[in-house]
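**Q** First the structure, then my questions, so here it is.
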Amino acid sequence: MRRYLLSSLILSTLVLLGSGVYAFAQELSTDQINALNDEIEQKQQSIDQLNRQIDTYKDKIEEKQAQEATLYGELDLLDNRIAKTQLDIEATEAEIDLVNAQIALIEQEVHDLETLMNKDLELVAQVIQKIEVQDNTLPLQLVFGTDSFSEFFNNLEQLEAVSSDLKTAVDTARQSKAQLLEKHEAQQGKKVQLTGLSESLAQEGRRLEASVGAKSSLLAVTQDSEAQFQALLEDLRQEQAYLNQQIALLQKDIEGRLNATDELGDSSVLSWPVDPTIRGISAYYHDPSYPFRHLFEHSGLDLPAPTGTPVRVAAPGYVAWTRQGTLYGNYIMVIHTNGLATLYAHLSRIDVSADQFVGRGDQIGAVGSTGLSTGPHLHFEARLNGIPTDPLDYLIAY
């Protein structure tokens, strides 16, 4: 009996010492968690403030877009777009910082849970060890170690209490493990969110470059003259009308001469004219963030790439024409089958001539920044029966 009481005393002392050490560690951890929560709150307040500023610029942009197009109105609109995009970048960077702080908080909570779970498992092991001691000593106590049945039944009651402690310790360990798994899932979710924010940041950087380039291009083309700006608008209208009319006239004639045999079996399935993984897509079809949207809808995809990057034809066809225009700069129109045509604009160089047959992937020119351009990129259009349509509906997935 004395041996049992001594064992219980030692075990209780170990548990109390362990609890004291854990409580001290938990106190330190609580300070760290409180500091991280304060940091998260400050970052969120900063993001909220940036978003309020962004909303102000959104209102200004909408107001300018509702006004009649003038040179200085357009320049003011571009300045507001640039300022808004810069704030978008700041807000995204702040969100990245916020998510990193949230990940740090989760990591601290995971560490605490792991410490707690290890402590729970240690207690389980100690309780099991105590049960084993009791199981081994009870028969001896029954014969030699007890002075009465009363003392024997007291020992049994203590053993039942130890078993109850074991169940409690195991249940606590299970709960800690479940919480730990939840925290790990939350951590993975935050990391996925971080990846998405990084991609958004890259996209916003491209939009900023496009807006700055658009302002420079507009000033260069108009020479800071309202009369030149109005002449530019008229040129743009005439160029679009010419394209729509000429494609309709040429489509039937050229389709009759096309050999649609192709490795993909369909010349209306388009390959990418420039590798979209070089710098992504900076503007989409009818993109609401397109810098010149106040003047005209964006009728294709913009694929940024260094000047001189080869441009390859998206499908077999005949070159309808090569031209130089105010809007498109140096550009090529290619007619394919099934009423489809493709346009390649802002080229620094043209490598084909009108009425020339081209096979899928043939080089037809090089990326540039001619015409009304936001910087070195390929403007790529797909036109169905002469009308611009979303190229992504025809392009092979990448």
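Read the figures in this text as sums done on the coordinates, not as results from a lab. Owing to the predicted nature of the structure, the values given are computational and were not obtained by experimental measurement. Methodologically, a virtual Cβ is constructed for each residue, glycine included, from the backbone with ideal geometry; neighbour enumeration extends over all protein chains shown.
**Q** If I model a spin label as a point 7 Å beyond the Cα along the Cα-Cβ vector, how far apart are those points for Arg174 and Leu219 in nm?
**A** Simple spin-label model gives 7.1 nm for this pair.
**Q** Still on this structure, I have one more. Over the Cα atoms of segment 226-393, what is the Rg over Rh ratio if Rh follows Kirkwood?
**A** Working: Rg = 15.0 Å, Rh = 15.9 Å.
My calculation of the ratio gives 0.95.
**Q** I want the local charge near Glu204. Using Cβ-Cβ distances under 12 Å, sum +1 for each Lys or Arg and -1 for each Asp or Glu among the other residues. Walk me through the numbers on the way to the answer.
**A** On the way: positive: Arg81, Lys84, Arg206, Arg207; negative: Asp88, Glu90, Glu93, Glu95, Glu199, Glu209.
Residues near Glu204 contribute -2 overall.
**Q** Also: Counting other Cβ atoms within 10 Å, which GluC sites (Glu not before Pro) in segment 26-76 have at most 11 and lie in a DSSP loop? Could the numbers behind the result be given before it?
**A** Details: sites: Glu27, Glu39, Glu41, Glu62, Glu63, Glu68, Glu74; in loops: Glu68.
Qualifying residues, ordered by number: Glu68.
**Q** How much FRET efficiency would the formula 1/(1 + (r/R0)^6) give for Thr195 and Gln49, where r is the Cβ-Cβ distance and R0 is 30 Å, rounded to 0.05? Before the final figure, lay out the partial values.
**A** Numbers: r = 25 Å, r/R0 = 0.84.
Working from the Cβ atoms, E equals 0.75.
**Q** Straight-line reach from Lys84: which lysines have a Cα under 30 Å away, not including same-chain ones fewer than 8 places off?
**A** Lys43, Lys58, Lys60, Lys64, Lys190, Lys191, Lys215
**Q** Find out how many positive minus negative residues lie around Pro391, taking Lys and Arg as positive, Asp and Glu as negative, among other residues whose Cβ is under 10 Å from that of Pro391. Could the numbers behind the result be given before it?
**A** Numbers: positive: Arg383; negative: Glu381, Asp390, Asp393.
Taking every other residue near Pro391 into account, the sum is -2.
**Q** Then there is this: Lysines near Lys167 by alpha-carbon distance under 27 Å, same-chain residues fewer than 8 away left out - which ones?
**A** Within the straight-line cut-off, Lys167 pairs with Lys119, Lys130, Lys177, Lys183.
**Q** Output the peptides 377-383, 287-293, 221-227 sorted from most to least packed, where packing is the average of other Cβ atoms within 10 Å over each peptide's residues. It would help to have the intermediate numbers written out before the result.
**A** Numbers: 377-383: 25.0, 287-293: 18.9, 221-227: 13.4.
Top of the packing list down: 377-383, 287-293, 221-227.
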